[in-house]
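Okay, so here's the structure we're looking at.
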Amino acid sequence: MATPRYLNTAITFTEEKTGRPSFPYYKTTKYPEIPFSTSDIYAIITEGDRLDSLSQQFYGNTIYYWIISAANPDLINQGSLFITPGTEIRIPTNLSPILTSFASLNNT
């Protein structure tokens with residue numbers, strides 16, 4: 001079963017030279033560019049803050065951690081849930097167009 005981190009990531013197979021399917025693998029997930037909005041919230045990170053906990057706090061669900069990460073590409077390492085304390089980040093509040101764009105990019 002996929003973990004929440006990979007919940008919306010498609011699983012695919014490739015055919016081996018024998019014509020049999022190979023082991024499954026996760027397809028690359030594409031993230032939309034998130035435009036600035038006057039409704040965005042700005043927060044200064046404190047010790048212990050993580051993307052998943054911020055997602056839970058602001059969106060009511062940990063699976064949207066990637067939205068905060070994608071909105072701050074120059075400030076957050078895409079491979080980590082951690083953010084350097086003292087960093088000011090942008091938290092988008094209008095999720096609907098972001099989720100629609102994500103679904104379109106990933107054919108979900």
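The values are calculated or read from the model by the stated rules, or taken from the named source; none is laboratory data. Everything numeric in this text was worked out from a predicted model, so none of it was measured. As a convention, Cβ positions derive from the backbone with ideal geometry for all residues, glycine included, and neighbour counts pool all protein chains shown.
Data for the structure
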{"read-out": "Options 83, 76: the member that is closer than 23 Å to residue 101 by Cα and surrounded by 15 or more Cβ atoms within 10 Å (Cβ to Cβ)", "value": "76"}
{"read-out": "Count of residues meeting criterion [hydrophobic (A, V, I, L, M, F, W, C), touching a strand residue (DSSP E or B) at 6+ places or on another chain (Cβ under 9 Å) and without any contact (Cβ under 8 Å) to a residue 40 or more places away in the chain] in the range 32-80", "value": "8"}
{"read-out": "Boolean, residue 29 is under 22 Å from residue 90 (Cβ atoms), in a loop (DSSP other than H, G, I, E, B) and at pLDDT 95 or above", "value": "no"}
{"read-out": "Given (1) at pLDDT below 95; (2) loosely packed, with under 15 Cβ neighbours inside 10 Å; (3) not in a helix (DSSP H, G or I), number of the condition residue 8 does not satisfy", "value": "(2)"}
{"read-out": "Complete set of residues in the range 86-108 that are under 16 Å from residue 29 (Cβ atoms) and surrounded by fewer than 12 Cβ atoms within 10 Å (Cβ to Cβ)", "value": "100, 104, 107, 108"}
{"read-out": "Residue list for the range 81-103, filter: without any contact (Cβ under 8 Å) to a residue 12 or more places away in the chain and either over 18 Å from residue 33 (Cβ atoms) or of a type in the set (Ser, Thr, Tyr) (or both)", "value": "96, 100"}
